[in-house]
Structure formats: structure tokens, C-alpha cells
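These notes are about the structure you will find just below.
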Amino acid sequence: MLLRRAGLVGIALYCLVPFYWMVVSSFRRTSDIYDKSPVPVPWSLENYAAVFADGMGFGRALGNSLLVASVTTVVTLLVGTMTAYALARLTFRGKNLILALIIAVSMFPGALLIVPLLKLFTTIGWINTYQAMIVPSMSFALPLTVWNLTVFFRQLPLELEQAAMIDGCTAFAAFRRVLLPLAAPGVFTTAIIAFICTWNEFIIAVTMVNDQATQTATVRIAQFTGAAKFDTPFGTQMAAGVLVTIPLVVLVLFFQRRIVAGLTAGALK
């Protein structure tokens, strides 16, 4: 038991110490950024002021990240939920092959898709647009959504739909009024995962968008410049990193019960 607790403490420290150091560094003055003390002396807000300084465009970038992540999550859930329901309930030849292909798509490294996507989006005029980030993000979030929700729908008894249709519901009405509320923990958990993945996405955004007005927060942080040409503003980047991370931490802490319920649904069956 003692060894297990020590292991849990070690894992927690391994995960939290980098975030702690990022927070501490964000409150250091630029002249103290290489200080190794566990707390900043003195505390300073100059990095946070620099993040929202004129010309940085970080506030607009946060709005762009929220827009891209929200649209991607909503569209992914709409398409993925109906696809997962069809794969869970319909019987047809090649269904398992389709599921295998769906999960295989999510295993492709994003870097391999950069060149063909860049060529395609240049041809159709999608460079420096929101859809150039939303559509590729969906290609990574959708397979995970379909795979997770297919498992949830398979766990729900078929008799529930049959009883609803006997009472006068159509197949879609039975899905919407009976099955979807029961699968809500899985849908909610999948939505959180899709949102976090899209919010943190970098490689697609930095490749497809070079207009500051359309860039997301992760790209703007990477393009922060210091006082000199080769000066890296570590303190400003740490402050921006804290601001980008806080919404995700709040989201997970606020909905942690639903997330755990979704991840453990069906575990006792």
C-alpha cells in the first residue's frame, strides 16, 4: 500500500511540476527569468501585461482557438454520434473492417498529411481560413468519436428502442429520446476529449494559417518575439501558456464527475 501511494505521488509530481514551473516563471520579471528559486522574488505581472500588449494579437488568437475547437467539437459529435449508432445497430458485411479502418486513420501522424493538405487547400483557396483548421482537426477527432460511441451504443439493450417504437416512436425518435440520453456520459466525455485535442492542435494551424487575424493561440505563442531579433521572450510565453491551459483545467475540474462516469460506463458489466 505504501509503495502504491508513493508511486501515485511520484506520478502526480511528474505531471504537475512542469505546470508549476510554468506558472512560477510567468510571474518572474524578465531579468529574473533564469532564477531557480521555487517562488518568484519579487512577484511581477509584466509578462501578463506583455501578452496583451498592442500588436501581440493574443486576445484575438484565444477567440480563434475557441471558435475552431467549438465548431470542430460540435460537428464531430453530430456526425460521429449518428455514424456510431449506425455501426452499433446495423448488421452488414464489412462492418468490422470499417471500424478497423476508422481507428487506423487516427493512427496516422499529422505531419504526414501536411504536404497534401497544403497543396489541396492552396488549390481551393482555403489558406488563412478557419475551415483549413477545422476540417483537418475533424479528421483526427472523428475516428476517436466514432470508436468510443460505438462501444457505448453497443452496451445499450436493443429492447429499449423496440419498446419505444412499439409506443409510436420512429427509429430516429427512439434514438434521440431514449438512447442518446442514456449515452450522454460517453457523448460528453468524447466531446471534452475532442475539444482538448483541437484546442492544443499546432502543426496544422501553423502550416495552413499565416495571417495573424486568423491564427490560434498556440501559434501566436510560438511566434512571440522579444526585444531583440534573437531574443526569446520566455516569460511572456510562460504567461500565455498559463492563460491557454487554465480553461482546460477549469473545464476538466468542473465536469470531472461526468468525465469519470463516461470513461467507466459499462466497466462493471
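The values are calculated or read from the model by the stated rules, or taken from the named source; none is laboratory data. Keep in mind the model is a prediction, meaning the values are calculated, not measured. When we count neighbours, we look across all protein chains shown, and the Cβ atoms used for this are built from the backbone with ideal geometry, even at glycine. Only protein heavy atoms, including side chains, enter the accessible area calculation; ligands, DNA and RNA are left aside. Shrake-Rupley method; radii C 1.70, N 1.55, O 1.52, S 1.80 Å.
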Taking the stretch 83-96 as the search range and keeping residues that are in contact (Cβ under 8 Å) with a residue 12 or more places away in the chain and among the hydrophobic types (A, V, I, L, M, F, W, C), which one is farthest from residue 143 (Cα to Cα)? 88
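Across the stretch 69-80, which residue is nearest to the chain's Cα centre (by Cα) among those that are in contact (Cβ under 8 Å) with a residue 24 or more places away in the chain and surrounded by fewer than 24 Cβ atoms within 10 Å (Cβ to Cβ)? Even if it seems obvious, please write down each step before you answer.
Going residue by residue through the stretch 69-80, those that are in contact (Cβ under 8 Å) with a residue 24 or more places away in the chain are 69-73, 75-77, 79-80.
Narrowing further to those that are surrounded by fewer than 24 Cβ atoms within 10 Å (Cβ to Cβ): 70-71, 75, 77, 79.
Values: 70: 10, 71: 12, 75: 14, 77: 13, 79: 17 Å.
Per the stated criteria, the residue is 70.
Just to be sure, is residue 45 touching a Phe, Trp or Tyr at 6+ places or on another chain (Cβ under 9 Å), among the aliphatic types (A, V, I, L, M), open to solvent by 70 Å² or more (accessible area, probe 1.4 Å) and under 30 Å from residue 128 (Cα atoms)? Working first, answer last.
On the way: touching a Phe, Trp or Tyr at 6+ places or on another chain (Cβ under 9 Å): yes; among the aliphatic types (A, V, I, L, M): yes; open to solvent by 70 Å² or more (accessible area, probe 1.4 Å): yes; under 30 Å from residue 128 (Cα atoms): no.
Criteria not met by residue 45.
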Among the numbered criteria (1) on the phi < 0 side of the Ramachandran plot; (2) at pLDDT 85 or above, which one does residue 158 miss? (2)
Tell me whether the stretch 204-212 contains one or more residues that are farther than 21 Å from residue 113 by Cα and touching a helix residue (DSSP H, G or I) at 6+ places or on another chain (Cβ under 8 Å). yes
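Does residue 134 fit the bill of being modelled with pLDDT of 90 or more and open to solvent by 70 Å² or more (accessible area, probe 1.4 Å)? Give the steps one after another, and end with the answer.
Values: modelled with pLDDT of 90 or more: yes; open to solvent by 70 Å² or more (accessible area, probe 1.4 Å): no.
The answer is no for residue 134.
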Exactly one condition in (1) modelled with pLDDT under 90; (2) open to solvent by 60 Å² or more (accessible area, probe 1.4 Å); (3) not acidic (Asp, Glu) is false for residue 37; which is it? (2)
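Can you say whether residue 9 is aliphatic (A, V, I, L, M) and either under 19 Å from the mean Cα position of the chain (by Cα) or open to solvent by 80 Å² or more (accessible area, probe 1.4 Å) (or both), as far as the supplied structure shows? Don't jump to the end; show me each part of the working.
Details: aliphatic (A, V, I, L, M): yes; either under 19 Å from the mean Cα position of the chain (by Cα) or open to solvent by 80 Å² or more (accessible area, probe 1.4 Å) (or both): yes.
Answer is yes for this residue.
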Restricting the stretch 48-68 to residues that are buried (at least 20 other Cβ atoms within 10 Å of the Cβ) and among the small types (Gly, Ala, Ser), which is farthest from residue 175 (Cα to Cα)? 61
Picking from 99, 142, 117, which residue would you name as being free of Cβ contacts under 8 Å to residues at least 60 places away in the same chain, open to solvent by less than 60 Å² (accessible area, probe 1.4 Å), touching a helix residue (DSSP H, G or I) at 6+ places or on another chain (Cβ under 7 Å) and aliphatic (A, V, I, L, M)? 99
